[in-house]
1. Among the listed pairs 303/387; 127/377; 303/377, which have their C-alpha atoms separated by more than 24 angstrom in this model?
2. For the pairs 180/422; 299/374; 158/299; 180/410, flag any whose C-alpha to C-alpha distance is greater than 18 Å.
3. Residues of region 293-324 with backbone nitrogen within less than 11 Å of a virtual label 7 Å along the Cα-to-Cβ line of residue 280, please, listed as ranges.
4. Would you mind checking the tilt of helix 417-432 against the longest principal axis of the Cα atoms of the chain, expressed as 0 to 90 degrees and rounded to 10?
5. Which shape class applies to the chain: rounded if a/c is under 1.5, otherwise prolate when a/b exceeds b/c and oblate if not, where a ≥ b ≥ c are the square roots of the Cα gyration tensor eigenvalues?
6. Treat the count of other C-beta atoms within 10 Å as a stand-in for reagent exposure and order 147, 54, 404 from fewest to most.
7. In whole Hz, with x marking every Gly and Pro, tabulate ³J(HN,Hα) for region 321-328 from phi via Karplus 6.51 cos²θ - 1.76 cosθ + 1.60, θ = phi - 60°.
8. For the pair residue 401/residue 118, report the inter-label distance in nm, with labels modelled 7 Å from Cα in the Cβ direction.
Amino acid sequence: MASTITLALALTACGSGGTGDNNAASESPTAAPKPANITLWLNGADTNDDLRAYLKTTFEKDNPGSTLTIEEQSWTDLVPKLTTALADANNTPDVVEIGNTQAPTFTAVGAFREVSPDFFNELGGEKLLPSFVAAGDFDGKHYALPYYFGSRYMFYRKDIWTAAGLEVPKTLSEFSDSVKKLKTDKQSGFAMGGQDWRNGISWIFANGGELATVDGTTWTSTLSDPNSIKGLQEWQDVYKGASLLPATDRDVAYWDFLNDGSKGEPPAAATIMAPGWARWSIGDMTKNDKGEEVRDGMKDDTKFDIFALPGVDGGIAPVFAGGSNIAISAKSQHPELSENLLRIIFSSEFQKMLGGAGLGPANSDYASSLGDDKFAKTMIETAQASKLTPAAPGWAAIEGAFVYEELFQKIAEGGDVTALAKEYDAKLTPMLNGES
């Protein structure tokens, strides 16, 4: 997978990662660009219809004669689709959303157009999320900028926890003990699929472990580090003791498990871990302004509530930061119009709209748009304590090959953690460095 991406992109990028003025997004166009249709790829449904409508309407108003086509892509097959499309000047999308964990691979092979220092400052500069900026940088230059962030925390059935005499846990071990007590034959105390590494790696981080380290430009997988092993063993214990979900499950809509069944059956889980925006898929049924049946966003706070995953010794555990970066394709035939679209995305109006939709805005100046309720406060607190996956050139290939899903499934099935860590360190280290 890694060599496929390298060959498809690096050999055809025509120096897009280089230094020439033609390859860097500039501070402002010197003349109005020629009207054209540009394409924006967005992934999943996180960018809701109102946000999409604003982008399209504003872009077409600000760029008379030009149109914006928004195409939704699936996260599942995004890496291979980008690998093919970004290398083809005739079929590339102009602007693409990409997962923050995938950005390093594509920036390293020249898939994206450089963002000049002046343009970077115009779009927010130092106010943009530093860890997401770093994920989209290569060789000291900017390519993929932050789009939005989300942090993971615990959603739970407060009524079920209270009935069991349990309070919000203050340490990671208290959390484990509590959710194991809440497991029944039909209800997970903590619902987690066996392949769910994106939530599972929080146990590694909480114990002071890392997925990988870098020396110069050489990456090394560090699952065998004692702290990482301890975290994986704790995750194995809580999965086995609290979850009813199969070891083969991944990408599960956990929020469904917190809601009462259609015939009043109890929920299938007392606790889940999910990004903050899952809130709007949880709660009792109500009708929105359009008369559509929707969840009420956990309005009944005697029934639903949230808390941050606690750390080993208290406080907040580091969790994996969800979210996306956004970039202009190096092969875009309409770079000036693409820059204009980025100006809209990073405008105060759109940044505030992201916050209003429950997505953490890229620019810290607009974090207040998330609100000041417990959901906003918990999202910001957990985001501040969060961590990203390694910014290694081969990370997207690792995700595309589902290597961590495979590892976590084996751990969930009861495999020897120490032996598996050693086996997968040997497998992951060359992949981190872009080797087959």
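1. 303/387
2. Correct reply: 180/422; 180/410.
3. 295, 297
4. For helix 417-432, the angle is close to 0 degrees.
5. Taking the square roots of the gyration eigenvalues as a ≥ b ≥ c, the chain is oblate.
6. 54, 404, 147
7. 7, x, x, 9, 10, 9, 8, 8
8. Between residue 401 and residue 118, the simple spin-label model gives 4.3 nm.
Throughout, read-outs are computed from the coordinates displayed, never taken from laboratory work. What you are looking at is a predicted structure, and each value in this text was computed from that prediction instead of being measured. Here the Cβ is made from the backbone with ideal geometry for all residues, glycine too, and neighbour counts use every protein chain on show.
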